[in-house]
Amino acid sequence: MKNYLKLVNFEINRFMKIYIVLIISTIILQVVGLFFRSQSYLSEADHWIYDNQLPIEEFLGQYGPMSMHKFLNTLWFIGSVALCVVTLLIYVFFIWYRDWLGKNTFIYRLLMLPTNRLNIFLSKATAIFIFVLGLIALQLILFPIESLLLTWLVPDELRLDMNLLQIMEYPFMFVLFPKTILEFFINYGIGLIVVFVLFTFVLFERCYRLKGIFIGMVYVALSFVVFISPIFLNILLDHYFYPIELFGFVVFTGLVVMTCSILTSYYLLNKKIRV
């Protein structure tokens with residue numbers, strides 16, 4: 001356990017500079033985006049109310065009040081989230097390939113550590129999971145700050161204030177911010193399974209090179225088919241299973257995929273890895 005924690009800390013420190021840049025970029029994009037979206041809304045209101053001499057009620061009936069939901073629907077917010085997602089997705093691969101880069105290949109030293117090689121695999125996955133949770137926590141902090149900023153930018157009569165729970169009722173927001181513990185384990189459990197499967201793909205490629213790419217792609221496809229097989233089966237059987245039964249089957253296939261990825265990666269790291 002001690003070696004595992006050291007490896008997790010090591011992986012976090014290696015990515016920290018990029019991670020800080022990602023955090024700062026997210027903050028800047030969202031704050032600047034909120035400012036421009038608010039100014040655009042106020043410009044439209046001024047044109048409607050003052051230039052066209054129309055009542056404010058008619059403007060609100062047409063456009064609705066300015067709220068955080070209007071900001072969440074902008075490219076500024078969506079782009080900031082996409083930036084985080086894409087960066088971490090790239091890092092899922094780079095966290096492994098970085099160890100093979102350079103003249104002094106770091107993977108030699110990493111694999112020669114006096115620890116179970118599975119700890120290397122798990123520490124990298126844990127680091128990525130911590131990075132994801134960190135960005136989620138950042139967003140939860142940003143929402144109240146942005147709501148406060150919105151009160152400074154838009155007059156009361158043109159603004160609809162929302163608390164944190166109301167903000168997170170925006171469509172698709174439940175994926176990032178589950179409302180219950182069960183939903184949290186479902187959403188982020190699936191994400192963790194995806195990370196394990198992609199890690200296994202990388203290890204297949206590292207072990208078998210060009211042939212490994214094909215093997216890895218087949219493995220990813222089979223993992224996907226196994227994971228969603230209960231859903232397909234339920235459709236073929238005309239929704240034969242109760243929802244709780246279907247949920248149980250999906251959880252089971254998810255655990256199967258996760259276990260297979262861990263065991264396969266463990267085997268590759270110990271028996272087949274080429275450095």
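Any read-out appearing in this document is the output of simple, stated calculations on the displayed coordinates, not a laboratory observation. Since the model is a prediction, treat every value here as computed from it, not as a measurement. Cβ coordinates were reconstructed from backbone atoms using ideal geometry, including for glycine residues, and neighbour counts include every protein chain displayed.
Values for this structure:
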read-out	value
Chymotrypsin sites (Phe, Trp or Tyr not before Pro) restricted to region 176-275 and DSSP loop, no more than 12 other C-beta within 10 Å	240
The chain: proportion of alpha-carbon pairs further apart than 31 angstrom, %	45 percent
Cα centroid separation - region 109-183 against region 1-32, whole Å	13 Å
Sites residue 247 and residue 42 - FRET efficiency at Förster radius 30 Å, r taken between beta-carbons, to 0.05	0.05
Between 0 and 90°, nearest 10: helix 2-46 axis offset from the chain longest Cα axis	20 degrees
Degrees separating the helix 181-236 axis from the principal Cα axis of the chain, which is the longest one	50 degrees
Distance cut-off 24 Å, percentage of C-alpha pairs in region 12-153 lying past it	50 percent
Relative contact order (%) - region 178-275, alpha-carbon pairs under 8 angstrom, separation at least six	35 percent
Set 17/124; 211/272; 70/179; 124/211; 211/271 screened for pairs whose C-alpha atoms are more than 19 Å apart	70/179; 124/211
Two-site label geometry, residue 140 and residue 21: point separation in nm, points 7 Å out along Cα→Cβ	2.8 nm
The chain, relative contact order [Cα under 8 Å, separation at least 6], %	23 percent
